[in-house]
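The structure appears below as structure tokens.
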Amino acid sequence: MGNIKISQTFKTQVTPSRMFKALILDSHNLCPNLMFSSIKSIECIEGDGDVGSIRQMNFTEASPFRYVKHRIDALDKENFMCKYTLIEGDALMDKLESVTYEVKFEAYGYRGCICKLTSEYKTKDNVDIKEEDIELGKDRAVGMYEVVEAYLMAHPKAYA
């Protein structure tokens, strides 16, 4: 089994608090409404949304995947950090054991933030994963963040 670790950083024009609340704490409500063409629903199937909880994201027929399950491993509401692991779903492509994500929002400038996203891919034994498979996942994650940022910019009182 191999590990591939990727880090990416991008800036937003929204405060860390609002990005964290929208993308981490309330994603199960917000994301299906904003990305209705690809996300059908996000359900908490175990726990109350805190550490140890498991959420299932169900995709629409337009998506190449049916569903994924994430387990929340760490949640620091004061420092706007969340760590979660993709533990099940067809997005693992029979090549991955899991994918662990760590997201942190840090203040930048007067009203913006820097989003730091680290992804660690754990491959199954004797499996090589292609860079384009990883790029596709990275692009989807950044795309979701950009949609939420645009929503928050258009609705300045949301998640204030």
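Observations, loosely collected:
- Some residue of segment 99-108 being under 24 Å from Asn3 (Cβ atoms) and either touching a Pro at 6+ places or on another chain (Cβ under 8 Å) or of a type in the set (Gly, Ala, Ser) (or both): no
- Single residue of Ala91, Ala141 found to be small (Gly, Ala, Ser), free of Cβ contacts under 8 Å to residues at least 60 places away in the same chain and under 13 Å from Ile24 (Cα atoms): Ala141
- Looking only at residues of segment 1-26 that are among the small types (Gly, Ala, Ser) and touching a Lys or Arg at 6+ places or on another chain (Cβ under 8 Å), we find that the one that is surrounded by the most Cβ atoms within 10 Å (Cβ to Cβ) is Gly2.
- If the condition is being more than 13 Å from the chain's Cα centre (by Cα), assigned to a strand (DSSP E or B) and surrounded by fewer than 19 Cβ atoms within 10 Å (Cβ to Cβ), then segment 97-119 contributes Glu97, Ser98, Glu106, Ala107, Tyr108, Gly112, Ile114.
- Residues in segment 120-140 that are among the hydrophobic types (A, V, I, L, M, F, W, C) and either at pLDDT 75 or above or part of a loop (DSSP other than H, G, I, E, B) (or both): 2 in all.
- Strands (runs of 3 or more DSSP E) contained in segment 1-78 and holding at least 1 residues free of Cβ contacts under 8 Å to residues at least 12 places away in the same chain and either under 19 Å from Thr100 (Cα atoms) or of a type in the set (S, T, N, Q) (or both): 39-46, 67-76
- Taking the criterion of being within 22 Å of Met19 (Cβ to Cβ) and touching a helix residue (DSSP H, G or I) at 6+ places or on another chain (Cβ under 7 Å), the residues of segment 52-77 that qualify are Arg55, Val68.
The values are calculated or read from the model by the stated rules, or taken from the named source; none is laboratory data. Quick caveat, the model's predicted, so the values are computed rather than measured. All Cβ positions, glycine included, derive from the backbone under ideal geometry; neighbour counts span all protein chains shown.
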